[in-house]
Amino acid sequence: MKKDVRSLSLKDLCSFFESNNYPSFRGKQVYNWLWKKSCFSFDEMTNISLELRDVLKKEFVINHIKIDKIQKSNDGTIKNAVTLFDNLLVESVLIPTAKRTTACISSQVGCSLDCDFCATSKLKRIRNLKPDEIFDQASTINLQSKLYYNRPISNIVFMGMGEPLLNYKNLILGIEKITGKDGLGISPKRITVSTSGISKLIIKMADENVKFNLAISLHSALEKTRNKIMPFSKKFPLDELKEAVKYWYKKTRKKVTYEYIVWKEINDDMKHIKALVKFCKASPSKVNLIEYNNTENSFFTAAKDKIIQEYISELEKNKIPVTIRKSRGKDIDAACGQLANRETN
Ligand code: SAH
């Protein structure tokens, strides 16, 4: 099988040319075509001789994602069904607001976690996305944003399919490409990685001094409730998560954001509110209350507005910043937790 040329670093490409007795600057040219110009065919690399293009074709393929289907929501959200080189599917979403255009991208095909309220968790994890597949989603949505909204993307969130931290190496390489000068040049300050809370990898990121933002899907600060709705979390106790978040802040000086959904009869009482406030006080943090998007699991229903207001007032009383995230793209199943490779028409 031929190797994917996009899995080579600039150094690898230059050495490939050198070892075949061609000047190493050819490596830079090809790299530029691949990354800066998102070129997916050796034939379009016009400053590379025909002979050299043949050498490349014999040795390599250029794998890249394809947009299989686009669905537009009434609110302007666009959901892309993305086909990978091996015909697997993931989804990525463009979310426009007055001031921003956010790309919500996937990190895995399916998901190995079992959050009961999330549609993606019902698809088993098939494989991790490669760094270039992560990059391609961002660059494709960037083009789409320019086309439909006349502006490039301003933000990226890893809140699509999969658990980004369980694809750690490729996530970091993908983000390096997205932020790099020869990639999209987007500041890491505008990127948020959302995790279900894998403590030892949060510590690893802090040690590696990453510059992007971190969001944690908390949903309950009481172990018993969390274990019930996110069964995998039995392996990742809240005490360890709390310590990891403290360490993250100490190293990065960045507040984490806790993502939190309030459900009827699950966490809609004072006991849960108090536990959340206490958890937040352990280390500087913010709370993002997420509107619940229905999936096929009827066990979950959004809580009443009154209790959500109580969450807000308790948090504010304790000086913990709180925002509410309204759902986008619900009519096309593009909202958080609804990505399941399903068509809605
Ligand atoms: N695995 C990562 C990222 C993907 S999920 C994580 O767990 O953070 C992105 C966000 O959507 C998470 O905060 C997740 O808890 C939330 N989410 C999942 N299902 C949802 C649903 N049905 N309604 C609203 N948000 C949901």
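The values are calculated or read from the model by the stated rules, or taken from the named source; none is laboratory data. Everything numeric in this text was worked out from a predicted model, so none of it was measured. Don't worry about glycine lacking a Cβ; one is built from the backbone with ideal geometry, like all the others, and counts go over all protein chains shown. The protein model used for the area step is the full one, side chains on, heavy atoms only, and it has no ligands, DNA or RNA in it. Shrake-Rupley method; radii C 1.70, N 1.55, O 1.52, S 1.80 Å.
Observations, loosely collected:
- Per the listing Thr97, Thr102, Thr46, the residue uniquely exposed (fewer than 15 other Cβ atoms within 10 Å of the Cβ) and either modelled with pLDDT of 95 or more or farther than 30 Å from Met159 by Cα (or both) is Thr46.
- Qualifying residue in region 282-299 (condition: farther than 14 Å from Tyr260 by Cα, touching an Asp or Glu at 6+ places or on another chain (Cβ under 8 Å), open to solvent by 50 Å² or more (accessible area, probe 1.4 Å) and within 13 Å of the ligand (Cβ to nearest atom)): yes
- So Lys242, is it farther than 23 Å from Ile65 by Cα and touching a helix residue (DSSP H, G or I) at 6+ places or on another chain (Cβ under 8 Å): yes
- Some residue of region 133-149 being closer than 16 Å to Cys336 by Cβ and either in a strand (DSSP E or B) or open to solvent by 20 Å² or more (accessible area, probe 1.4 Å) (or both): no
- Just one of the numbered conditions (1) surrounded by 24 or more Cβ atoms within 10 Å (Cβ to Cβ); (2) more than 10 Å from the ligand (Cβ to nearest atom) is not true of Ser107: (2).
- Breaking point among (1) surrounded by 15 or more Cβ atoms within 10 Å (Cβ to Cβ); (2) within 28 Å of Ile67 (Cα to Cα), for Leu52: (2)
- Residue within region 82-99 that is within 16 Å of the ligand (Cβ to nearest atom), closer than 21 Å to Leu184 by Cβ and acidic (Asp, Glu) present: yes
- Selection within region 304-314 - under 19 Å from Ala282 (Cα atoms) and touching a residue at least 40 places away in the same chain (Cβ under 8 Å): Tyr311, Glu314
- Unique match (being out of contact with any Leu (no Cβ under 7 Å at 6 or more places or on another chain) and among the hydrophobic types (A, V, I, L, M, F, W, C)) among Ile78, Ile70, Ile65: Ile70
- Members of region 113-134 found to be touching a Ser or Thr at 6+ places or on another chain (Cβ under 9 Å) and more than 10 Å from the ligand (Cβ to nearest atom), listed by number: Asp114, Lys122, Lys124, Arg125, Asn128, Leu129, Lys130, Pro131, Asp132, Glu133, Ile134
- Across region 113-132, the number of residues qualifying as farther than 15 Å from Ile175 by Cα, assigned to a helix (DSSP H, G or I) and open to solvent by less than 40 Å² (accessible area, probe 1.4 Å) comes to 3.
- First in region 197-210 and among the aliphatic types (A, V, I, L, M), second anywhere and open to solvent by less than 80 Å² (accessible area, probe 1.4 Å) and in a loop (DSSP other than H, G, I, E, B), Cβ under 7 Å, 6 or more apart: Ile198/Phe236
- Only residues that are open to solvent by less than 30 Å² (accessible area, probe 1.4 Å) and out of contact with any Gly (no Cβ under 9 Å at 6 or more places or on another chain) were counted in region 64-76, giving 1.
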